[in-house]
Amino acid sequence: MNENKGLLFEREYQESLKQQFYYADEDPEYGKRLFFENSGGSLRLRAAVEGKRRIEMFPDCPERIHARSLILKEMVNGGTKDILETVFGARGGALVTELTASQAFFQIMGVIMENVTEGKNAVTSALEHPSAYDSMEYYCRKTKREFRVVPANPKTGGIDPEEVMKYVDKDTCLLSIMSASNISGNIMDLKKIIRKAKEINPDIYVISDAVQHAPHAVMDVEELGIDAMNFAPYKFFGIRGCGFAYVSDRVARLAHHKLAAKPADVWELGTSAPGNFAAMSAVIDYVCSIGSKFVQSNNRRKLFAEGMHRIHMQERALLHRLLEGTEEVPGLRSIDGVKIFVDTEDLTNRDLIVAMGIGGIGFTECVAEYQKRGVTVYERINTSLYSKRIVEALGLEGAIRVSPMHCHGTNDIDEFLKITKQIANDFAK
Ligand SMILES: Cc1ncc(COP(=O)(O)O)c(C=O)c1O
């Protein structure tokens, strides 16, 4: 296999995967469309939505002793274990559950910053989502620490480990670097960043916002030796209404909101929603089923890791096709008028996202032109409170974010390229 070109699923298999998602090729009221906005919320796995619906029909409290309650309780307990061990690859720690991934991150940020007394500064990057950036700024102000921001590399769209080390010192209590950019798709070299940061300060806490990266590649908190990582099920083939995060043993034991009678490392607070766990278990089953097509194992983590690896390879192949096209259909790199931002030859450190623009047409207008032609994409621009700092950190005014997902096929990519060429021709100066 050529690493840079990824590896496509066989056509029939890819189509069978797409069948497992709702409305992959059409909106039930607005008709046929290509949904290339999976970074804003991914296509929904039927089994996840169904799993949630099935469980929500039961009124039983999971804390009772009758059969239905026990099933619901097991869904929460088993689901918690599954998310920690299978998704995060954790051997310990605790699961934090909130209504959103942003809430989970604010919660964890606060617990670390308010409990850890050492360290006069905290470090994050200019590319972070506001939930990671603003939470650190807020708690730096509250705990009277210096707030340090590592600039992005505007060429690669990423954060260079060497640059991070210019901001980390013996007095850094917390380092927070996202796993991958939600604008450029650039995957950060967290392994190197964490290793180097710990060489400077062995006690440093390191956390990572993995909301963008989680649906594209496997996470491994043990390998990274990280203190916290979060993801959002609604961007990971699942449902809205919950955010999950892993915290390491040492973070789990720090003082946090909990019932006094519960053990020190319990983060569960109030009655859990078994349906949310049922939905996430369905997502994990789905990824494992992809893994089981390629390896034989009874180990769920192994199947999951293989499944995510295959998803990553399929997505890299789609990214390659999007950029390079074929003999019949030119790729984005060669369509006149199309500009790809923060493009890199090496695709091995990229998730399936392309940040682009088309000459002669503004970002918002361009998104509307795509929509008219049956393609859903989204613009990240410097007039949006979510995007301003991030796009400007990359030296841009904005970008159209194109984010297909693994269940799409090469025919979908080709269709997108043909439509892009039409728009570029129509608006050429
Ligand atoms: C990189 C990243 N982090 C965090 C979030 C926040 O997720 P949520 O909406 O679940 O709070 C998002 C959502 O867009 C994101 O893209």
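Throughout, read-outs are computed from the coordinates displayed, never taken from laboratory work. Only a predicted model underlies this, so the values are computations on that prediction, with no experimental measurement involved. Cβ sites come from the backbone with ideal geometry, for glycine too, and all protein chains shown count toward neighbours.
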*For region 59-82, enumerate the residues that are under 18 Å from Gly270 (Cβ atoms) and either touching a helix residue (DSSP H, G or I) at 6+ places or on another chain (Cβ under 8 Å) or among the basic types (Lys, Arg) (or both).*
Asp60, Cys61, Pro62, Glu63, Arg64, Leu72, Lys73, Met75, Val76, Gly79, Thr80
*Might you check whether a residue that is within 16 Å of the ligand (Cβ to nearest atom) and at positive phi occurs anywhere in region 149-157?*
yes
*How many residues are over 20 Å from Asp171 (Cβ atoms) and either touching a Leu at 6+ places or on another chain (Cβ under 8 Å) or β-branched (Val, Ile, Thr) (or both) when one looks only at region 128-157?*
5
*For region 390-429, what are the residues that are surrounded by fewer than 17 Cβ atoms within 10 Å (Cβ to Cβ) and either touching a His at 6+ places or on another chain (Cβ under 9 Å) or closer than 25 Å to Ser181 by Cα (or both)?*
Glu392, Gly395, Glu397, Thr410
*Within region 231-240, can one find any residue that is assigned to a loop (DSSP other than H, G, I, E, B), small (Gly, Ala, Ser) and within 29 Å of Phe304 (Cα to Cα)?*
yes
*Which of the residues spanning region 191-222 are in a helix (DSSP H, G or I) and either more than 21 Å from Gly307 (Cβ to Cβ) or not aliphatic (A, V, I, L, M) (or both)?*
Lys191, Lys192, Ile193, Ile194, Arg195, Lys196, Ala197, Lys198, Glu199, Ile200, Glu222
*Does Leu303 qualify as being in contact with a Ser or Thr (Cβ under 8 Å, 6 or more places away or on another chain) and aliphatic (A, V, I, L, M)?*
yes
*Out of the residues in region 116-144 that are crowded, with 20+ Cβ neighbours inside 10 Å and not in a helix (DSSP H, G or I), state the one that is nearest to the ligand (Cβ to nearest atom).*
His129
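Listed here are the residues, each with its yes/no results for (1) surrounded by fewer than 15 Cβ atoms within 10 Å (Cβ to Cβ); (2) among the small types (Gly, Ala, Ser); (3) in contact (Cβ under 8 Å) with a residue 40 or more places away in the chain; (4) away from the ligand (no atom under 11 Å from the Cβ).
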site: Asp169; (1), (2), (3), (4): no, no, yes, yes
site: Leu190; (1), (2), (3), (4): no, no, no, yes
site: Met219; (1), (2), (3), (4): no, no, yes, yes
site: Ala228; (1), (2), (3), (4): no, yes, yes, yes
site: Leu254; (1), (2), (3), (4): no, no, yes, yes
